[in-house]
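A.B. asks: Let me give you the structure first, and then I'll get to my questions.
The values are calculated or read from the model by the stated rules, or taken from the named source; none is laboratory data. What you see is a predicted model, and the numbers here were worked out from it, not measured in a lab. Note that we place each Cβ from the backbone using ideal geometry, even for glycine, and neighbour counts take in every protein chain shown.
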Amino acid sequence: MSEADSSVRQDQTTLNPVVKAWCYVQYLLFRALLFVLGVMPLGVSLGIMSGLARVAFLVLRTRRRHTIENVLQSSITDDPREAKRIAAAAFRTFLIMITEAMIARQRLSAANWKDHVQVNLHPEVRELLNDPDQGVLVATAHVGNWEILARAASMVKPLRAIYRPFNNPYFDEAIRQDREGENLTLIAKYDADPMRFIRTLTEGEVLAIMIDQHAGNGIYVDFFGRPAKTTTTVAMLHLVTRVPLVVAYAVRTGPLQYELRSGPPLTFKRSGNRENDVREITQTLTRGIEDIAREHPEQYMWGHRRWK
Amino acid sequence: MTADLGRDELRTALAELIASQPDLEVDVKVIEETTKIEDIGFDSISILDFMYEIEGKFGIELAVRDLVEMVQVKDLLDHLEGKLAK
């Protein structure tokens, strides 16, 4: 059992009985959902989730308004009707993404993953992935299907993804076990082993990090013309390990069909001014994410509180 | 920093660097050569700041592959000594 596992187990024992029971109910519901999705035809699952997304878009008024505002303020469009359409599509994408991610965990294997994922990576990135000794630092975001991205990329090269553990320890353990695969491991954001991230890269694996969440201890960079606090971990990992950076994502092209895409590998030299270097790297990566979201606005998660 | 640092000076310089880490609550007086690096209190993020600053302070380029194999402060000092002697 890893140290991250130990921390989850400790949380279970320290919960008060009512919270613990509620957490367990959520866990059972999740398990039931997994089972149902596993036996249900794909088209039916997606149809149900599309319907749920429409209901959610109607009912969750605050979230809907917030999503539309984010689309408008990002200058994706200045037409409120078009912004509403994009926001509704983003709601649908999110639920479809979760559904297909759960289905993919059961149905995608080393033998058949290429039937579902078309690989369209930059040629130099392909070379990096094919070199067993070469670590790769992947920056990605809440666009398309990040779970499929991790699962598909791990078929090419062992991948560790940094994630934020869920507050529900049962749920967290279940999700983590379910999300992990043969070559896919999740690392808690604050892992007990300080060398874990670095070791992943020096062992020739992929380390994947989402960079489009509000990072309380990050720095402000420009994202769609507005300052957004962004993690500096990727920049620091690059400056310390000198492992190439890649912006990658999986865009949805059809039911359980995705295309894995990436930009070219990026490397930055130290200038002697750490603050500037970290800012330049973080801004470059964030601009890369912005370009992707601009190209696929219906597949970007506009609803999260990116700008605080 | 120059290559003519003795072991004691190197240890002092490293202790100063550890003490200057903003997110680290550690009494450097209790850190000895046999102290495990993982016991100093770094997390996955603060260790990056520390490593970055080591390079700046000593004017060297660390071999990260070697660093991940280091267990004790002694290993780090040996590595720095070797780098500075070149």
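A.B. asks: Quick check on the range A:137-155. Is at least one of its residues buried (at least 18 other Cβ atoms within 10 Å of the Cβ) and at positive phi? Lay out the reasoning, then the answer.
C.D. replies: Taking the range A:137-155 and keeping what is buried (at least 18 other Cβ atoms within 10 Å of the Cβ), we get A:137-155.
Right, trim to at positive phi and you get A:144.
Yes - at least one qualifying residue is present in the range A:137-155.
A.B. asks: Quick test of your reading of the structure: A:VAL246 fulfils all but one of (1) among the hydrophobic types (A, V, I, L, M, F, W, C); (2) away from chain B (no Cβ under 14 Å); (3) part of a loop (DSSP other than H, G, I, E, B). Name the failing condition by number.
C.D. replies: Exception for A:VAL246: condition (3).
A.B. asks: Could you identify the single residue in A:VAL251, A:VAL278, A:VAL240, A:VAL234 that is in contact with an Asp or Glu (Cβ under 9 Å, 6 or more places away or on another chain) and part of a helix (DSSP H, G or I)?
C.D. replies: Numbers: A:VAL251 fails: part of a helix (DSSP H, G or I); A:VAL278 fails: in contact with an Asp or Glu (Cβ under 9 Å, 6 or more places away or on another chain); A:VAL234 fails: in contact with an Asp or Glu (Cβ under 9 Å, 6 or more places away or on another chain).
The conditions single out A:VAL240.
A.B. asks: For the range A:205-231, which positions are within 20 Å of A:GLN134 (Cβ to Cβ) and either within 10 Å of chain B (Cβ to nearest Cβ) or not in a loop (DSSP other than H, G, I, E, B) (or both)?
C.D. replies: Scanning the range A:205-231 gives A:VAL206, A:LEU207, A:ALA208, A:ILE209.
A.B. asks: Do we have A:MET195 as buried (at least 18 other Cβ atoms within 10 Å of the Cβ), over 24 Å from A:ILE148 (Cβ atoms), in contact (Cβ under 8 Å) with a residue 12 or more places away in the chain and not hydroxyl-bearing (Ser, Thr, Tyr) here?
C.D. replies: Details: buried (at least 18 other Cβ atoms within 10 Å of the Cβ): yes; over 24 Å from A:ILE148 (Cβ atoms): yes; in contact (Cβ under 8 Å) with a residue 12 or more places away in the chain: no; not hydroxyl-bearing (Ser, Thr, Tyr): yes.
No; evaluated as a whole, the condition is false for this residue.
A.B. asks: Okay, next question. Among the helices (runs of 4 or more DSSP H) lying completely within the range B:1-77, list those that include at least 1 residues that are among the β-branched types (Val, Ile, Thr) and farther than 27 Å from A:GLY204 by Cα. Break it down into steps so the answer makes sense when it comes.
C.D. replies: Details: elements: B:7-19, B:46-58, B:64-67.
Helices (runs of 4 or more DSSP H) meeting the threshold: B:7-19.
A.B. asks: Taking the range A:30-47, which residues are within 21 Å of A:PHE171 (Cβ to Cβ) and either among the aliphatic types (A, V, I, L, M) or touching a residue at least 24 places away in the same chain (Cβ under 8 Å) (or both)?
C.D. replies: Here is the first cut: in the range A:30-47, the ones within 21 Å of A:PHE171 (Cβ to Cβ) are A:30-38, A:45.
Selection gives A:PHE30, A:ARG31, A:ALA32, A:LEU33, A:LEU34, A:VAL36, A:LEU37, A:GLY38, A:SER45.
A.B. asks: Evaluate the range A:7-19: report whether one residue or more is buried (at least 16 other Cβ atoms within 10 Å of the Cβ), modelled with pLDDT under 90 and more than 25 Å from A:GLU180 (Cα to Cα).
C.D. replies: Among the residues of the range A:7-19, at least one is buried (at least 16 other Cβ atoms within 10 Å of the Cβ), modelled with pLDDT under 90 and more than 25 Å from A:GLU180 (Cα to Cα), which makes the answer yes.
A.B. asks: I would also like to ask the following. For the range B:26-71, which residues satisfy the criterion of being β-branched (Val, Ile, Thr) and either more than 9 Å from every other protein chain (Cβ to nearest Cβ) or more than 13 Å from the chain's Cα centre (by Cα) (or both)? Break it down into steps so the answer makes sense when it comes.
C.D. replies: Of the range B:26-71, the ones β-branched (Val, Ile, Thr) are B:26, B:28, B:30-31, B:34-35, B:37, B:40, B:45, B:47, B:54, B:60, B:64, B:68, B:71.
Correct list: B:VAL26, B:VAL28, B:VAL30, B:ILE31, B:THR34, B:THR35, B:ILE45, B:ILE54, B:ILE60, B:VAL71.
A.B. asks: Listed residues A:TYR170, A:TYR163; which is surrounded by 21 or more Cβ atoms within 10 Å (Cβ to Cβ), modelled with pLDDT under 95 and among the hydroxyl-bearing types (Ser, Thr, Tyr)? Don't jump to the end; show me each part of the working.
C.D. replies: Values: A:TYR163 fails: surrounded by 21 or more Cβ atoms within 10 Å (Cβ to Cβ).
Every option except A:TYR170 fails the conditions.
A.B. asks: Kindly check whether there is at least one residue in the range B:62-84 that is polar (S, T, N, Q), at negative phi and free of Cβ contacts under 8 Å to residues at least 12 places away in the same chain. Outline the logic, then answer.
C.D. replies: Here is the first cut: in the range B:62-84, the ones polar (S, T, N, Q) are B:72.
When the remaining residues are screened for being at negative phi, the result is B:72.
From the residues that got through so far, the ones that are free of Cβ contacts under 8 Å to residues at least 12 places away in the same chain too are none.
Looking through the range B:62-84, none of the residues is polar (S, T, N, Q), at negative phi and free of Cβ contacts under 8 Å to residues at least 12 places away in the same chain.
A.B. asks: Right, something else. Name every residue in the range A:24-60 that is in contact with an Asp or Glu (Cβ under 9 Å, 6 or more places away or on another chain) and among the hydroxyl-bearing types (Ser, Thr, Tyr), in order of residue number.
C.D. replies: The answer is A:TYR27, A:SER45.
A.B. asks: Oh, and also: Taking the condition of being of a type in the set (Ser, Thr, Tyr) and in contact with a strand residue (DSSP E or B) (Cβ under 6 Å, 6 or more places away or on another chain), how many residues in the range A:281-299 meet it?
C.D. replies: So in the range A:281-299, the residues of a type in the set (Ser, Thr, Tyr) come out as A:282, A:284, A:286.
Next, from what is left, pick out any that are in contact with a strand residue (DSSP E or B) (Cβ under 6 Å, 6 or more places away or on another chain): A:282, A:286.
Residues flagged as of a type in the set (Ser, Thr, Tyr) and in contact with a strand residue (DSSP E or B) (Cβ under 6 Å, 6 or more places away or on another chain) within the range A:281-299 amount to 2.
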